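Just so it is clear, none of the values below were taken in a lab; they were calculated from the coordinates. In this text, all values refer to a predicted model and were calculated from it rather than measured experimentally. Note: ideal-geometry Cβ built from the backbone for every residue, glycine included; neighbour counts use all protein chains shown.
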Amino acid sequence: MVWFWANHFNVSARGGPWPYGLNGTYVFEAIRPHVTGRFRDLVKAVMRHPAMLDYLDNTRSIGPDSVIGLQQHRGLNENLARECLELHTMGLASGYTQHDVTSFAAMLTGRMMNINGDSPGFVFRADMHEPGDQTLMGHTFPASFAGSEAALEWIADHPATRRHIATQLVQHYVADAPPPGCVSRVEAALNNHDGDLTQAMLAVFALEESWQPLTKFRQPADYIISVQRALNLPFEPGHVLLSATEDLGQPFRNPLLPNGWPDTAPDWLAGEALLKRADWSMTQAIRPGAPAAQAVVDATLGDLCSASTRAAINAAPTAPEALATLFASPEFMRR
């Protein structure tokens with residue numbers, strides 16, 4: 001759940017030194033404490049964390065009619081407002097307009113990062129906050145930090161938001177093409193329990209479709225972890241696994257875009273990417289103390305291992321090649 005929500009509210013190292021340096025703190029302060037709580041509290045925590053504020057440029061957004069805006073002739077940066085509406089909450093299908101994005105960006109002004117003093121972190125700068133009421137999709141919110149928090153709560157609890165995040169949860173945990181019935185059940189859990197993410201996950205667990213094996217293709221990080229669990233060997237010190245995330249195309253904490261890592265198989269199924277997995281699996285299969293391939297088959301795939309994969313494993317000339325064949329098999333690359 002932490003992995004899912006940290007990717008949903010992505011903060012990438014590509015954003016510069018502050019998002020890079022604060023990424024771990026961001027996950028522990030804004031994401032992890034809220035993944036079993038209400039979605040509105042998760043949204044509010046994310047939207048006042050310095051890592052997110054800097055990554056999506058809110059630290060460079062100043063109300064044009066604020067005290068500082070008038071003095072320095074500075075204006076809005078709409079990146080955080082736009083991505084919050086499009087990616088994090090309501091989604092494009094909700095019907096918001098460019099006017100709504102601009103109004104929301106004005107509400108978010110003043111949310112800044114304090115890097116000085118004894119208490120660095122989030123700070124609200126009233127002298128940078130755009131004065132006057134703002135309207136978002138027909139709802140008016142007063143100027144102030146409290147007004148922006150009220151707007152975030154309204155957005156987080158909006159029916160379009162609940163539909164949007166229910167769809168993404170089902171896509172991540174169930175299938176690339178989210179079955180509408182599954183989405184409706186998770187959405188109903190959110191609606192019936194005031195946006196409670198624990199109840200949403202319980203609804204996911206209750207879906208029969210959640211337990212269909214070999215439906216979701218493993219992202220590189222998921223694949224790396226699965227190989228390590230299957231090997232069950234002592235941890236290798238150094239940066240071996242961190243380097244593996246880079247080599248296999250999912251560098252740790254470093255997605256290309258604000259929408260995070262993609263969650264569907266076509267984004268990870270390129271031929272070169274599969275060859276890299278096969279090459280990397282061999283580096284793991286030759287580690288001292290690696291178990292026999294058949295033991296790993298029994299402990300991981302069991303009856304899900306196809307006859308063709310078993311034949312390929314049995315035909316491998318050496319024990320490491322047999323194990324690498326298992327790790328590179330179509331079944332092992334899915335969960």
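Side notes on the structure shown:
- Computed over Cα pairs, the Kirkwood radius of region 2-133 leads via Stokes-Einstein (1.567 mPa s, 4 °C) to a diffusion coefficient of 85 µm² per second.
- Each label point was placed 7 Å from the Cα along the Cα-to-Cβ direction; for LEU233 and ALA13 their separation is 2.4 nm.
- Ranked by how many other beta carbons lie within 10 Å on average, peptides 206-214, 61-69 from highest: 61-69, 206-214
- Computed over region 279-335, the quotient of the alpha carbon radius of gyration and 2.2 N^0.38 Å is 1.00.
- Using a cutoff of 8 angstrom between alpha carbon atoms and counting only pairs six or more residues apart, the relative contact order for region 2-156 works out to 21 percent.
- Around the Cα centre of the chain, unit charges on the Cβ atoms of Lys, Arg, Asp and Glu (plus for the first two, minus for the last two) sum to a dipole of about 400 debye.
- Here the scattering of region 159-211 is modelled by Debye summation over its C-alpha atoms, one equal scatterer each and no solvent; at q = 0.15, 0.16 Å⁻¹ the log10 of I(q)/I(0) is -0.30, -0.34.
- For region 129-247, the C-alpha radius of gyration divided by 2.2 N^0.38 Å, with N the number of residues, is 1.51.
- Spacing of the modelled spin labels on ILE286 and ARG60, each 7 Å from Cα toward Cβ, amounts to 4.6 nm.
- The P(r) of the chain has a tail past 35 Å containing 32 percent of all C-alpha pairs.
- In the chain, helical runs assigned H by DSSP with n ≥ 4 each contribute -39500 (n - 2.57); averaged across all residues and rounded to the nearest 500, the mean residue ellipticity at 222 nm is -14000 deg cm²/dmol.
- Residues of region 138-181 with amide N under 11 Å of a point placed 7 Å along Cα→Cβ from GLN212: 174-180
- What the pair-distance distribution of region 220-327 shows, using all Cα-Cα distances binned every 5 Å from zero, is 2, 11, 21, 23, 19, 14, 7, 3, 1, 0 percent.
- Contact order relative to length of the chain, as percent, for alpha carbon pairs under 8 angstrom and 6 or more apart: 16
- Under the criterion of Cα pairs below 8 Å and six or more residues apart, the relative contact order for region 1-87 equals 23 percent.
- Applying 0.36 nm per residue to the separation of ASP267 and THR25 and subtracting their alpha-carbon distance, the gain on full extension is 84.3 nm.
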